[in-house]
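Quick notes on the structure that follows.
The values are calculated or read from the model by the stated rules, or taken from the named source; none is laboratory data. Since the structure is predicted, the reported quantities are computational estimates derived from the model, not experimental observations. All Cβ positions, even for glycine, are placed from backbone atoms using ideal geometry, and neighbour counts span all protein chains on display.
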Amino acid sequence: MVNKLWTLIKQVYKQKIRAKSFILMTLLYIVVMVGIMFWSDIKAIFVNEEALEIALVNETSAELESIFVSNDDLAFSFPTESKETLYNQLKEEKFDAVVVISEEAEVLKADIATYTPLKLNDQSAISSFVQYAGKIYGVQQLNLTASEADRILNSEAIITNTNLNEELADGKSEDEKQSGMWASYFVGIVIYFFIMAFLSMITTDVASEKGSRALEMLLVSVKPSTHFQSKIIGVTLLALTQFVVIFGVLFALLRFTDNGSKWKMVESIINELSYSYVFYVIAFLFLTIILFLIIGALFGSLVSKVEEASQVMTPAIMTALVGFYVMISGVANPDTLLIKIFSYIPLTSGMVMPMRIGATDIALIEPMISLALLVLTVIAIYMISLSFYKRSVLTYSSGGLIQKIKTVLKVTT
Amino acid sequence: MTLILEHVVKKYKDFTAVNDLNFTIGKGEIFGLIGQNGAGKTTTFRMILDLQDQTSGNITWDGVPMKKVNRDYLGYLPEERGIFPQMKVEEQLLFFGELRGMKRNELKKEIDFWIERFELEEKRHNKAETLSKGNQQKVQLIASFIHKPKFLILDEPFSGLDPVNRDLLKNAILLLKEKGVTILFSSHQMDNVEELCDHLCLLKKGISLFSGSLLDLKKQYGKTKLTLRTNVPLSELEKMAGVKEVKVDRDEYILTLIDETFAESIFEVVSNGQYIEKFSLDYLSLDEIFKDKVGGNGE
C-alpha cells in the first residue's frame, strides 16, 4: 500500500510541477515580489519626474524660506514679482502652483493656485508644509525663543510598558507590535495566496480525474483513502516546493542586492519576533493550507466533471476571502472583537491569529486553544472527508453543492 | 479459479439496482453480461471490484471474498472513456503498471508489445488529450490489462471503435484468454458477444433472465429461424403449418417457426423434389433472443 501511495504521490507531483501553469504562477510570484522590492528603482528607470515648480508669495512678516525647503518632488522659489504677474506665469505654465501665504486673525492662511490640477500626493505634500509653517507661525506669535519653540515642536514622551497580569505574555513594546503586525500581514497574504492557488489545484485535479473516469481505473487498484491521501500529500509537497523556491529567491534578492541593506530591514523585523511566534506562524500556515486542501479534495470528488470545479470551490474561497479581509482590518486595529472571533475559527484562524500573537498583548493560552481547535478540525475534517470521499468519487450527480452531497448520501446509504 | 456471485442484491433507498444475481465464471473463460442501459451491469461490475458494497449476497474469487483479493489481480476498463489527458501515452501505461506493482523493465516489454499490436507506435510520446477518441480508448484498454491481471472486466469495450479496431480488440481479448485471463465484459453489440463469449448472463432491470452457456440459451429457443430462397409466393408460405411469421429480406424469406420439427415438411413443399438455392435452419441470433427476452427494445 505504501508503494501505491508513493507511486500516486509521485504522479501528482511530477505532473503538476511540470505543468506550465505552475511554472508560470511561480515565476509570476517572483516577478511581482521583485517588482515590489525594487519599485523605486524600476520607477526611476521609466518615470523621470521633475520636481514641481512652486512659487511662494509671502504676505506675512514671518520668515518662511527656511521652512519651505525644496526636495526631490517640490522645488520652492520665492519670486518678488506681484501676485498677478505670477498668476499669468502660472497660466503660461512657468510654475505648477503659486502658493500665497497670508495671515488672518493670527492664523496662517494659504491659497494654492494652479492651472493644471495637482495630483493628490503633491497636494498633500504642499499642505503638510503649510501646516508645519502654521505651527511655527503660531509658536512665533507667542514670542518664544528658538530653542523653546523647538522643544514644543519636537518633544516626544518616553513610553515603557509594564503589565502586572502574569497570565499575559510579556507586554510588547510598540516596536515589537509593529514588527509583529507587518510580519503577520505578510504571513496572512502568504496563506491567502497559497490557499487560493492550491485549493483550486487540488479541487480541479480530483474533479478532472473523476470526470475523465481515470479515477475509476485507479480505484480498482488503490483504496479511495490512499488516493485521497496521495492528493493531499502530493499537493502539499508542491506547495512546499513553491514556498522554498519563492522564498529562496526572495532571500537571495534581499541578501545580495543593495549590499544587504534590505535584508537588514527584514532582520530588524525578525529580531523583534519571538521563537514562539515563529512556531505558531509555521504551525498555523501549514495546518490551514492542509485544512483547505482536504476540503478542496473533498469538493473535487463531488463534481461530475471538471467544469463544475469552480462552482463547488466558491464556498471555500469565500471563507478564505473573509479571513483575509478580517486580517487586513487588523492592520488598522488588531484589537477588535471581529479579529478576536475570527482568530478562533479554524478556517480563518491561520490568517488572523498570527496577527493577534504578533501585534497584541494576548494570554498565552489563547493561541494554544486556537491551534488546538485547528488541529482537531483538521483531524475531524480529514476523517469525515475520507469516509465521504469513498462514497462520492464514484457518484455522478448534477445540481449545486448541497444537492450533490444529498445525492451522494442518498445513493450510498 | 472462479468468480462466483451468489444471491447478490444491491438496493438503494428507493430502488433495487441488482436483485438476486447468481452466476459463475470459470478460469480462462470469457463471460458476457448483457442488458440495456440501467440494467445493473456497471453496478454489478463495481460490486465485483469492491468499489461498491452489495446489500446482501456473496462475491468470491477462488473462494476468497472480493474484499480480500489482491487488487493487482484485477483489471478494469470503465464504460466511460477517459485517461489522464495531460500524460503521454507511454508515461500513462508505465504509471498504471507501476501502480499495480510491476517492475519497470518487464513493463516496458509489455508496453512495446501492446503498443505495436494496437498500432499506436507513432502516438507513443503524444499527450493523451491529442489522440483521437478511438486511440484514447485503445490506450485505456491497454492500461486496464498492462499489469497482466488474472481477472479482467471490460465495460462496453467495443463501443465507439471502427471495424478495424474492433477486430484488433477482439483478437486481443482472445489472446488474453489464451494466456489464461478470465474476462467478464458487457456489450450492446450482440455479434461481439456471440463471437467471444462462452457463457453469458442476461440482465433486465437488475434481474437475471438467463445465466449459462450461449448454446444452452439458444437451445431454449431451438432452431426456429428458417432462411430460404424460393419461388413459392409469400401468401403460401404464411399458410404453411408451423410458420409463425414470415419476413421478406431482399430476395430471401425469413420464417419463424413454432418448432424446428416443422422444417422438414416445409422443405418438402418448397423444394418439391427439385434443386433449391437456399434452405437454412438456424438458432435465433443472440440479438433476436435479446430483443425477445428484454421486450423488443434492445439498443
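Does B:GLU79 satisfy being modelled with pLDDT of 90 or more and acidic (Asp, Glu)?
Values: modelled with pLDDT of 90 or more: no; acidic (Asp, Glu): yes.
Answer is no for this residue.
Taking the criterion of being surrounded by fewer than 22 Cβ atoms within 10 Å (Cβ to Cβ), at the interface with another protein chain (Cβ under 9 Å from one of its Cβ atoms) and touching a residue at least 60 places away in the same chain (Cβ under 8 Å), the only residue of region A:188-214 that qualifies is A:SER208. Where helices (runs of 4 or more DSSP H) fall wholly inside region B:80-180, the ranges with 2 or more residues that are within 13 Å of another protein chain (Cβ to nearest Cβ) are B:89-99, B:104-117, B:133-145. Between A:LEU287, A:LEU298, A:LEU291, the distinction of being assigned to a helix (DSSP H, G or I), closer than 30 Å to A:THR407 by Cβ, out of contact with any Phe, Trp or Tyr (no Cβ under 7 Å at 6 or more places or on another chain) and in contact (Cβ under 8 Å) with a residue 12 or more places away in the chain belongs to A:LEU291 only.
The residues of region B:239-265 that are within 15 Å of B:LEU281 (Cα to Cα), of a type in the set (A, V, I, L, M, F, W, C) and over 29 Å from the mean Cα position of the chain (by Cα), listed by number, are B:VAL243, B:VAL246, B:PHE262, B:ALA263. The set of residues in region B:222-243 being crowded, with 17+ Cβ neighbours inside 10 Å and assigned to a helix (DSSP H, G or I) consists of B:LEU237 alone.
Yes/no per residue for (1) away from chain A (no Cβ under 14 Å); (2) within 14 Å of B:PHE151 (Cβ to Cβ); (3) out of contact with any Pro (no Cβ under 8 Å at 6 or more places or on another chain):
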| site | (1), (2), (3) |
| --- | --- |
| B:VAL9 | yes, no, yes |
| B:ASP20 | yes, no, yes |
| B:GLY28 | yes, yes, yes |
| B:PHE31 | yes, yes, yes |
| B:THR55 | no, no, yes |
| B:ASN58 | yes, no, no |
| B:TYR73 | no, yes, no |
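Being at pLDDT 80 or above, more than 29 Å from the chain's Cα centre (by Cα), of a type outside the set (S, T, N, Q) and over 21 Å from B:LYS11 (Cβ atoms) is the filter here; which residues of region A:381-413 pass it? Once the filter is applied, which keeps residues that are at pLDDT 80 or above, more than 29 Å from the chain's Cα centre (by Cα), of a type outside the set (S, T, N, Q) and over 21 Å from B:LYS11 (Cβ atoms), region A:381-413 yields A:MET383, A:ILE384, A:LEU386, A:TYR389.
Among residues of region A:1-47 being basic (Lys, Arg) and either closer than 28 Å to A:SER261 by Cα or part of a helix (DSSP H, G or I) (or both), the one that is farthest from the other protein chains (Cβ to nearest Cβ) is A:LYS43.
Okay, residues lined up against (1) of a type in the set (S, T, N, Q); (2) within 14 Å of chain B (Cβ to nearest Cβ); (3) on the phi < 0 side of the Ramachandran plot; (4) surrounded by fewer than 13 Cβ atoms within 10 Å (Cβ to Cβ):
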{"residue": "A:SER329", "(1), (2), (3), (4)": "yes, no, yes, no"}
{"residue": "A:SER343", "(1), (2), (3), (4)": "yes, no, yes, no"}
{"residue": "A:MET353", "(1), (2), (3), (4)": "no, no, yes, no"}
{"residue": "A:LYS390", "(1), (2), (3), (4)": "no, yes, yes, no"}
{"residue": "A:SER397", "(1), (2), (3), (4)": "yes, yes, yes, no"}
{"residue": "A:ILE402", "(1), (2), (3), (4)": "no, no, yes, yes"}
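Selection of region B:163-182 for residues being buried (at least 18 other Cβ atoms within 10 Å of the Cβ), touching a residue at least 60 places away in the same chain (Cβ under 8 Å) and touching a Lys or Arg at 6+ places or on another chain (Cβ under 8 Å) yields B:VAL181, B:THR182.
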